[in-house]
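Peer 1: Attaching a single structure in structure tokens format; questions to follow.
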Amino acid sequence: MRSTRTDAPATGGRAPLRPPLAVLLAVGTTALVATLLVAVTIGPADLGVGEVVRSVGAHLGLRAPDVPRLHDAIVWELRLPRVLTAAAVGAGLAVAGAVMQSLTRNPLADPYLLGLSSGASLGAVAVLLLGVALLLPVAAFVGALAALAATLALARTGGTLTPTRAVLAGLAISQLAAAATSFVVFWTATGDSYREILSWLMGSLAGATWASVAIAGGALVVVGSVVLAGAGRLDAFAFGDTAAAALGVHVDRTRWVTMTLVALLTGAMVAVSGAIGFVGLVLPHAVSVVTGPAHRRLLPVAGLAGAVLLVWADTLARTVFDPRELPVGIVTALLGVPVFAVLLRRGRGASWS
Amino acid sequence: MELSIAGAGARLGGRWVVDGVEATPPPGALTGLLGPNGAGKTTLLRLVAGLLEPHAGAVLVSDPAASDPRPAVPVHTLPRRERARQVALLEQASDAAVPLSVREVVALGRTPYRSVWGTDPDPGAVDRALEAATAAHLADRAWATLSGGERQRVHVARALAQEPALLLLDEPTNHLDVSAQLALLGFVRRLGVTTVAALHDLNLAAAYCEHVLVLSAGRLVAAGPPGEVLTPALVHDVYGVAAHVLTHPVTGRPVIAYGPAEDG
């Protein structure tokens, strides 16, 4: 027995010192830029950071093209879209997870809480196996939206929308969509298509294109800035709904508008990459150890950290067993579970006890 | 702030939890809101806070100190941010789900003043509120490590950071030791802000409140200075216990001695 007191951390009750936001943003941005440049060089074909910079510079019209055609194509057509998609998806999932955890006051909330990932999976499987004539990202997005709509409709039956009802309804819709997905897979899948589906269900960035960068990046920028502008309102939820209302926050509208926006963001992410787990669950907790819970600090730093993490996770996924690729969701789970265990041991916050 | 509760009522699940309450708590003073569990104290506070729209009657507020004195308006029709700059509510047993520092908790009180970019037009307000609530020494502590009395003091600082003209406290002395109870109510009374506090302890109400409102089953059954309102007959009618009212040897205020119970 080291101590019988559970409420006082080793700091003697002092709140941890929190580094200035500017420092965190500077460190995060530097790490992200370095990550992007280095991650593009990793893989078959011997590329250097200098070559990457020259190739990108040429495509942006900043300099004359002088990189060998093959290397230039690897950088610009293959790796860069993939790395940028990974960054946008990682950032989006981290931001979405942080917001969901605050709005539901539930530390186990993640971006897929409202049935989004199962709905997206059902949409994707319908395309892959049943030959529904839709582009896969479109089908996944439609599936996610359908699940969201079903969840909110179910949560609204017989009374007001509360976070608990939304979580329970999301659980039910998730199970339903998962069962439907399993049924379709069980009934129609053959050996080859099975691997393709599994890879999608676990989350994968292998199909990333410039269109994925536009979808994920666009959703991140639009939803991210709206949510960041409302960061103060999210903070006001710390002591619950009544306290937030007494501070002048329109509780219902804030909760449902923000949840819907975040669900759309998540839908866009799932559409380009499948349901990548753990980023949205674990990162907000890990980042808030450094930033504190204030959303104006937490959201941007979580976004940067999510971007860096998912780029490296995806780089591992495509290189460790080269030429075979792992679904990146396996890597994020392998990274995420130990981090989660450490956070649990630290027992942060009353709601974890 | 001048507060006028004009026949306010609220239904919950078909039952009138607050029913036709008429009262005008004195401005700038501490008013005690008394009554047994389930009498409707919390619901009445939510009505007065403008968080609940009355199903009957109205709660009217006006600020005679304002530079442009306006007629009294129903509090629930005030724009949310403006209302939060005028009315602060301390809930019963309110705890945070996230690891905040004391300063961050108090800064939440500045929410209705912040711009969309999160800047506070009055950066010194948090420190002043901490100072006023004698909680400045707690500023860098982690919220989770505070004692009950310290938490209540920080909650008061958060409410003061809203710079309210009307302060509403829901059982602020619950879970506090005697000295913390006396310190809190003495401090609130000295603020000179119109305050309505739901209280369970009749002796605390008698000692600190200028005015008391007594609720029973949603209705206002008595209102006035504690010396006039807190009679043995009223305590018996409302709480169902025998009581004797004595006089405090120093302050001259009423002291209520309970029992013995009628059935022995």
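Read-outs throughout are calculated quantities, based only on the coordinates presented, and are distinct from any laboratory measurement. From a predicted model like this one, the values you see are computed outputs, not experimental measurements. Cβ sites come from the backbone with ideal geometry, for glycine too, and all protein chains shown count toward neighbours.
Peer 1: Please report the antiparallel percentage of the DSSP beta bridges confined to chain B, to the nearest 5. Could the numbers behind the result be given before it?
Peer 2: On the way: 25 of 42 bridges.
Beta bridges within chain B, antiparallel portion: roughly 60 percent.
Peer 1: Same structure again: Of all the Cα-Cα pairs you can form in chain B, what percent are over 27 Å apart? Don't skip to the answer; put the middle values down first.
Peer 2: Values: 13740 of 34716 pairs.
The proportion of pairs with Cα distances above 27 Å equals 40 percent.
Peer 1: If you don't mind, another one. What's the exposure ranking of B:43, B:24, going from fewest to most Cβ atoms within 10 Å?
Peer 2: Values: B:43 21, B:24 14.
Ranked by crowding around the Cβ, least crowded first: B:24, B:43.
Peer 1: Mind listing the long-range amide H neighbours of residue B:20? Cut-off is under 5 Å, sequence gap 5 or more, other chains count too, H placed in the peptide plane at 1.01 Å from N.
Peer 2: Close amide H contacts, sequence-distant or interchain: B:9, B:10.
Peer 1: Follow-up. Membrane-span-like helices in chain A: DSSP H runs reaching 24 Å or more (Cα, own axis), mean Kyte hydropathy at least 1.0? Each step should come with its number before you reach the end.
Peer 2: Values: long enough: A:21-41 (30 Å, 2.36); A:80-104 (36 Å, 1.34); A:136-156 (30 Å, 1.87); A:163-188 (37 Å, 1.23); A:210-229 (28 Å, 2.13); A:251-273 (32 Å, 1.05); A:295-319 (36 Å, 0.78); A:328-346 (27 Å, 1.84).
What comes out of the filter, once short or polar helices are dropped, is A:21-41, A:80-104, A:136-156, A:163-188, A:210-229, A:251-273, A:328-346.
Peer 1: Report, by chain and number, residues whose modeled amide H sits under 5 Å from the one on residue B:33, excluding near sequence neighbours (fewer than 5 apart, same chain).
Peer 2: B:197, B:198, B:199, B:213
Peer 1: Could I ask something else about it? Who wins for biggest fluctuation among A:186, A:141, A:278 in a Gaussian network model of chain A, springs between alpha carbons below 10 Å?
Peer 2: Maximum fluctuation in the GNM of chain A, among the listed residues, is at A:186.
Peer 1: Starting with the fewest neighbours, write out A:269, A:202 ranked by other beta-carbon atoms found within 10 Å of each beta-carbon. Could the numbers behind the result be given before it?
Peer 2: Working: A:269 36, A:202 20.
Going from least to most buried by this count: A:202, A:269.
Peer 1: Follow-up question, since we're still on this one. Take every DSSP beta bridge whose two residues both sit in the protein assembly as shown, then give the antiparallel share in percent to the nearest 5.
Peer 2: Numbers: 26 of 43 bridges.
About 60 percent, rounded to the nearest 5.
Peer 1: If you place +1 on the Cβ of every Lys and Arg and -1 on the Cβ of every Asp and Glu, how big does the dipole about the Cα centre of chain B come out, in debye to the nearest 20? All intermediate terms of the calculation are to be shown ahead of the outcome.
Peer 2: Working: 21 positive and 26 negative charges, 100 e Å.
Around 480 debye, computed over chain B.
Peer 1: Mind checking Rg over Rh on the range B:129-264, alpha carbons, Kirkwood formula for Rh? Mind showing how you got there, number by number?
Peer 2: Numbers: Rg = 16.8 Å, Rh = 16.4 Å.
Result for the range B:129-264 is an Rg/Rh of 1.02.
Peer 1: Next question, about the same structure. For chain B, take the longest principal axis of its alpha carbons; what is the angle in degrees between that and the long axis of helix B:148-161, to the nearest 10 within 0 to 90?
Peer 2: 60 degrees
Peer 1: If you don't mind, there's one more thing I want to ask. Can you tell me the Rg and the Dmax, both Å, for the Cα atoms in the range B:1-77?
Peer 2: 12.8, 42
Peer 1: How much of the calculated P(r) for the range A:158-258 lies past 20 Å, in percent of all Cα pairs? Before the final figure, lay out the partial values.
Peer 2: On the way: 3243 of 5050 pairs.
Counting every Cα pair in the range A:158-258, those more than 20 Å apart make up 64 percent.
Peer 1: For the residues A:142, A:289, B:106, what sequence is obtained by ranking on other C-beta atoms within 10 Å, fewest first? Kindly include the intermediate steps, with their values, before the conclusion.
Peer 2: Values: A:142 20, A:289 14, B:106 28.
Listed from fewest to most nearby Cβ atoms, that is A:289, A:142, B:106.
Peer 1: Apply the Kirkwood formula to the protein assembly as shown: the hydrodynamic radius equals the inverse of the mean of 1/r over all pairs of different alpha-carbon atoms; give it in Å with one decimal. The partial results should precede the final answer.
Peer 2: Details: mean 1/r = 0.0367 Å⁻¹.
About 27.3 Å, per the Kirkwood formula over Cα pairs.
Peer 1: Which residue fluctuates the most in chain A, going by a Gaussian network model with Cα springs under 10 Å, if the choices are A:108, A:326, A:17?
Peer 2: A:17
Peer 1: Still on this structure, please answer the following. Each label point is 7 Å from the Cα along the Cα-to-Cβ direction; what then is the distance between the points at residue B:15 and residue A:198, in nm?
Peer 2: 5.8 nm
Peer 1: Just the Cα atoms of chain A: what Rg and Dmax do they give in Å?
Peer 2: Rg and Dmax of chain A, Cα atoms, are 21.1, 68 Å.
Peer 1: Compare B:243, B:96, B:107 in a GNM of chain B, Cα atoms joined below 10 Å, and give the one with the largest fluctuation.
Peer 2: Ranking B:243, B:96, B:107 by mean-square fluctuation puts B:96 first.
Peer 1: Separation between the residue B:217 and residue A:340 pseudo-spin-labels, each 7 Å from Cα along Cα→Cβ, expressed in nm?
Peer 2: Using points 7 Å along Cα→Cβ, the separation is 5.3 nm.
Peer 1: Based on the Cβ-Cβ distance of residue A:73 and residue B:140, what FRET efficiency does E = 1/(1 + (r/R0)^6) give at R0 = 41 Å, to the nearest 0.05? Each step should come with its number before you reach the end.
Peer 2: On the way: r = 56 Å, r/R0 = 1.36.
Efficiency computed from Cβ-Cβ geometry: 0.15.
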